[in-house]
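Every number in this text was worked out from the coordinates using simple rules, so none of it is lab data. All values reported here derive from a predicted model rather than from experimental measurement. Glycine gets a Cβ as well: all are built from the backbone with ideal geometry, and neighbour counts include every protein chain shown.
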Amino acid sequence: MIHIDETKCLKCKACVNDCIVKVLTVGDNGFPHVRPEDERFCLNCQHCLAVCPVGAVECHGVIAEQAAAIGPLPSSSEMMNLICQRRSIRQYKQEDLDTETMDTLVKSLAWTPTGCNDHRLFFTIVRHRKEMDFFREKMVKSLQFLIKTGIMRLVYPNFKRYMDEIMGREDIIFRNAPHMVVACTPKNAPCKEADPWIALSYFDLMAQSLGVGTCWCGFAVYAFKWVKALRERLGMPKGYKVGAVLLFGKPAVEYKRQTAPKPFQMKML
Ligand SMILES: Cc1cc2nc3c(=O)[nH]c(=O)nc-3n(C[C@H](O)[C@H](O)[C@H](O)COP(=O)(O)O)c2cc1C
């Protein structure tokens, strides 16, 4: 679980002070330790490992040498540009991302924060454009079925605006995106509503920093709920549900300037 290398430990208590669930305490000999009865409360957040100045902490089998050194951060003006220049992309080049970019994006998912550090999120990643065709075709058929049976009128009265596109088999839901990431969460996760959206918000910004276009697909969240065949293709474990969906791929559109949205309502205290 948590093991302290007493030959390295400085007894500085940095790990004890930063332990959110207070499982790390100072033992009689001055070294930090976890009482066996407290072990089950550990969140495995690895703060103890990250904060230790000498790398004396092993957390759930992970040692300091396995964690990267602290690197430079983007400047605040670079971050602001990323936030202001991130656009929803609905025009994509019809090609797959290169493997390196895809791997970087996939790797970044591991660092998403989750409520209680619940590490059970499940991601389905459509890595190849051809694989998206399954989702596109099933979606078009499902939309046409919903229209023919009159169900669409009940669930989405404004659908007539998109009638020509749906009947013409246009992909108005997945926007011809070459890739998609679906974040699924256990139905009993402490923060099941927030975790998937936060995970894909991080993915979103990471993607756009790499020049990869993204678009949230709120409609697909409902589609996965309603259409079993679509849901089954995701391969998520039993007891899970779809939380959030993000489309991505090489953009086929370039924006010449930022947008200028009105500030939201606020109350300053
Ligand atoms: C929760 C959520 C669901 C969304 N669902 C869709 C969607 O199903 N299809 C789509 O084209 N855009 C979708 N969007 C994108 C919004 O329309 C878009 O963020 C908004 O118009 C502002 O444009 P921008 O992202 O380029 O700043 C969604 C955005 C959010 C946050």
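Centre-to-centre separation between the Cα atoms of the range 209-267 and those of the range 56-123: 16 Å.
Other residues within the sphere of radius under 13 Å centred on the Cβ of TYR240, judged by their own Cβ, net out at +4 (K and R +1, D and E -1).
Once every DSSP H run of n ≥ 4 in the chain is given -39500 (n - 2.57) and the sum is divided by its residues, what mean residue ellipticity at 222 nm do you get, rounded to the nearest 500 deg cm²/dmol?
-9500 deg cm²/dmol
Multiplying each eigenvalue of the alpha-carbon gyration tensor of the range 2-66 by 5 and taking the square root yields semi-axes of 15, 14, 10 Å, largest first, rounded to whole angstroms.
Residues in the range 228-240 carry Karplus couplings, in order, of 4, 4, 5, 5, 4, 5, 6, x, 6, x, 4, x, 9 Hz; the curve used is 6.51 cos²θ - 1.76 cosθ + 1.60 with θ = phi - 60°, and Gly or Pro positions show x. Can you tell me the 0 to 90 degree angle between the C-alpha axis of helix 76-85 and the longest principal axis of the chain, rounded to 10? It works out to around 20 degrees. Shape annotation for the chain: C-alpha extents along the principal axes are 76, 47, 43 Å, from largest to smallest.
Where Rh is the Kirkwood radius over the Cα pairs of the range 121-269, the temperature 25 °C and the viscosity 0.890 mPa s, what D in µm²/s does Stokes-Einstein return? The diffusion coefficient I find is 144 µm²/s. Of all DSSP beta bridges confined to the chain, the antiparallel ones make up roughly 95%.
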